[in-house]
Amino acid sequence: MPASPSAQHLRELAQLRRVRDRIDREYAQPLDVEALARGVNMSAGHLSRQFKLAYGEPPYSYLMTRRIERAMALLRRGDLSVTEICFEVGCSSLGTFSTRFTELVGMSPSAYRRQAADATAGIPSCVAKQVTRPVRNREASAQGRT
């Protein structure tokens, strides 16, 4: 007897959650959509479409957001260079890292380091992480309109 549509949907949501959890755990590893899709027996295209429906962004964008969040924490800590941080969070190109960082955060990694040092002085790291979480530019502009 074939699974009901709702049972199949729940199974697919569980698979998507496993993909998201893997990205959260292994963000610094070399991950690509094809490998993520193979891990849950889906095609890359289907995974991308369903992940975006469930989480609002495709898996690669979600991965890069996690990497940038970790980079922000490392930049606030201040003991690694921008290049070291780029490789530490799983990016293989400093140019791509800097471009994506600037898109998500609104400033370059070096500028963020300078600003964060002043802005988060004396704030517990758990609070600083929440307050400084990256917001995509389109989300920031949508939030500003409400």
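The values are calculated or read from the model by the stated rules, or taken from the named source; none is laboratory data. Everything quoted here is computed from the prediction, not taken from an experiment. We place every Cβ from the backbone using ideal geometry, glycine too, and count neighbours over all the protein chains shown. Heavy atoms of the whole protein, side chains included, go into the accessibility calculation; ligands, DNA and RNA do not. Shrake-Rupley method; radii C 1.70, N 1.55, O 1.52, S 1.80 Å.
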Query raised in the report: Mind checking which pairs have a first residue in region 63-80 that is more than 14 Å from residue 26 (Cα to Cα) and a second that is of a type in the set (A, V, I, L, M) and open to solvent by 10 Å² or more (accessible area, probe 1.4 Å), Cβ under 6 Å, 6 or more apart or different chains?
Result: 74/80
Query raised in the report: Among (1) in contact with a Leu (Cβ under 9 Å, 6 or more places away or on another chain); (2) among the hydroxyl-bearing types (Ser, Thr, Tyr); (3) in contact (Cβ under 8 Å) with a residue 12 or more places away in the chain, where does residue 48 come up short?
Result: (1)
Requested in this report: Determine whether region 72-85 contains at least one residue that is farther than 26 Å from residue 119 by Cα and either in contact with a helix residue (DSSP H, G or I) (Cβ under 9 Å, 6 or more places away or on another chain) or surrounded by 13 or more Cβ atoms within 10 Å (Cβ to Cβ) (or both).
Outcome: no
Report summary line: Quick count over region 20-71, residues being open to solvent by 50 Å² or more (accessible area, probe 1.4 Å), of a type in the set (Gly, Ala, Ser) and part of a helix (DSSP H, G or I), is 1
